[in-house]
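Everything on this sheet refers to the single structure shown next.
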Amino acid sequence: MTATFYDRVSAELSDIDAQGLTKPERVIASRQGPVIKVGGRDVLNFCANNYLGLAGDERVTRAGIEAQEKWGAGTASVRFICGTLEIHKELERAIADYLGFEDTILFAAAFDANGGIFEPLFGADDAIVSDSLNHASIIDGVRLCKAKRYRFANSEMDDLEAQLKQARADGAKEIIIATDGVFSMDGYVAKLKDIRALADKYDALIMVDDCHATGFLGPKGRGSYAHHGVEVDFVTGTFGKALGGAMGGFICARAKVVALLKQRARPYLFSNALAPAVCGSSLEAIRIAGGSEGDVLRKQLFANAARYRGAMAEAGFTLLPGEHPIIPVMLGDAKLAQDFAARALELGVYVIGFSFPVVPRGQARIRTQMSAAHTFEQIDQTVAAFTTAGRELGVI
């Protein structure tokens, strides 16, 4: 019986490869940054979530080292047993103050934050209305909850209102609208002003996953809700992208909500506390992002995005519209996306082809991402490499 299982695994892997859907892991032999070492040579990196360029920043690195020297490698325990350090409380306070909330709860990963938010707060008499393109972690978190589930088409406000009406008609006591603040595969920013208006109309709560917004979108980089000038009830986020690039997630909310989550959220109760080095690096990244230097980095980030977007459009590539630093180059075919990424690497640019199940079938792409650390010269070099690859592969 075990032989049939392993034969089935082998057959599925072969099928994935035959469809051009295999996702290779390319080993990086350097710090994260605009230039990385892959395969023994330096290449331009245009696919990391390193929005503010802080992942390899020496100050962020040093802060993590100093935290580990003081607090050790880890707590060897979950938070409520003997795993809460002073630096955990400091980080909770820092991110709550930065984002404008009463309190914060930390998780080992942003996936855990989204996996742990719904089940402790909502029951069978409640309803979750979720955007159809929400991140997999939100989808899994919703599945763990007994609340009734409703989905609305991506950023379609008429459909959202229809689902809210249905939830109310079905007798939901509490309704929460769950959405990505920025949809990571497309770079689209959620229509939070419209969502806020509908939430007020139907007396619903709002949860926003701001992993691809915290640190650089909106005033002082406070996120998508700040970008739109609205209030929301819950924000989940990460220290693994703009705020240092390490790992770890959080939920910001009212203090009483955080208090309940600390009693009931399973990923919090049954996972070791966030490593001190991650806390130290994240604290330094928040300090930089929230200050005047953060303003300079955000300005450069969006200038880089505008330059790249304009040059790629002029070269003839099909791009999804927007202003976010996520700029997908649409190719359609999964194998073409893999071939394009491989050729780009040969030409000195590290990017990854995205295909099903990460994106819908027929919408394969190269998801390029800008960083404040990129220079205009590096952007121009990347556009030139893409143009060469595009012509060779018949894309442009």
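General observations
- The residues of the range 102-120 that are in contact with a Ser or Thr (Cβ under 7 Å, 6 or more places away or on another chain), assigned to a helix (DSSP H, G or I) and not polar (S, T, N, Q), listed by number, are A110, F111, D112, A113, G115.
- Among residues of the range 371-385, those that are crowded, with 24+ Cβ neighbours inside 10 Å and in contact with a strand residue (DSSP E or B) (Cβ under 7 Å, 6 or more places away or on another chain), counted: 1
- Checked against (1) touching an Asp or Glu at 6+ places or on another chain (Cβ under 6 Å); (2) hydrophobic (A, V, I, L, M, F, W, C); (3) on the phi > 0 side of the Ramachandran plot, A63 passes all but a single condition, namely (3).
- Meets criteria (over 28 Å from L52 (Cβ atoms), at pLDDT below 95, among the small types (G, A, S) and not in a helix (DSSP H, G or I)) for G362: yes
- Contacts under 7 angstrom Cβ, first residue in the range 131-158 being assigned by TED's automatic domain parsing to the domain that holds S184, partner acidic (D, E) and part of a helix (DSSP H, G or I), 6 or more apart: F152/D159; A153/D159; M157/D194
- Of residues in the range 71-101 being part of a loop (DSSP other than H, G, I, E, B) and within 30 Å of A147 (Cβ to Cβ), the one farthest from the chain's Cα centre (by Cα): T84
- Residue count, the range 165-180 (criterion: hydrophobic (A, V, I, L, M, F, W, C), more than 26 Å from the chain's Cα centre (by Cα) and closer than 22 Å to G141 by Cα): 2
- Scanning the range 353-370 for residues that are of a type in the set (A, V, I, L, M) and crowded, with 24+ Cβ neighbours inside 10 Å yields A364, I366, M370.
- Only residues that are surrounded by 23 or more Cβ atoms within 10 Å (Cβ to Cβ), out of contact with any Pro (no Cβ under 9 Å at 6 or more places or on another chain) and not in a helix (DSSP H, G or I) were counted across the range 250-293, and they come to 6.
- In the condition set (1) over 21 Å from the mean Cα position of the chain (by Cα); (2) closer than 22 Å to A246 by Cβ; (3) surrounded by fewer than 16 Cβ atoms within 10 Å (Cβ to Cβ), A136 is compliant with all but (1).
- Looking only at the range 321-341, and only at residues there that are modelled with pLDDT under 95, within 21 Å of the chain's Cα centre (by Cα) and under 22 Å from G353 (Cβ atoms), the one that is surrounded by the fewest Cβ atoms within 10 Å (Cβ to Cβ): P321
- Test: residue in the range 199-220 that is surrounded by fewer than 23 Cβ atoms within 10 Å (Cβ to Cβ), under 17 Å from the mean Cα position of the chain (by Cα) and of a type outside the set (G, A, S): no
- Of I117, I177, all but one fail to be more than 29 Å from V78 (Cα to Cα), in contact (Cβ under 8 Å) with a residue 12 or more places away in the chain and surrounded by 22 or more Cβ atoms within 10 Å (Cβ to Cβ); the exception is I177.
- Residue in the range 294-353 that is nearest to V43 (Cα to Cα), counting only those that are assigned to a strand (DSSP E or B) and of a type in the set (A, V, I, L, M, F, W, C): V349
- Residue match in the range 41-49 (condition: out of contact with any Ser or Thr (no Cβ under 9 Å at 6 or more places or on another chain), of a type in the set (F, W, Y) and either in a loop (DSSP other than H, G, I, E, B) or in contact (Cβ under 8 Å) with a residue 12 or more places away in the chain (or both)): no
- Residue within the range 296-311 that is over 24 Å from P219 (Cα atoms), buried (at least 22 other Cβ atoms within 10 Å of the Cβ), touching a residue at least 24 places away in the same chain (Cβ under 8 Å) and of a type in the set (A, V, I, L, M) present: no
The values are calculated or read from the model by the stated rules, or taken from the named source; none is laboratory data. A quick note: this is a predicted structure, and the numbers were derived from the prediction, not measured. Cβ coordinates were reconstructed from backbone atoms using ideal geometry, including for glycine residues, and neighbour counts include every protein chain displayed.
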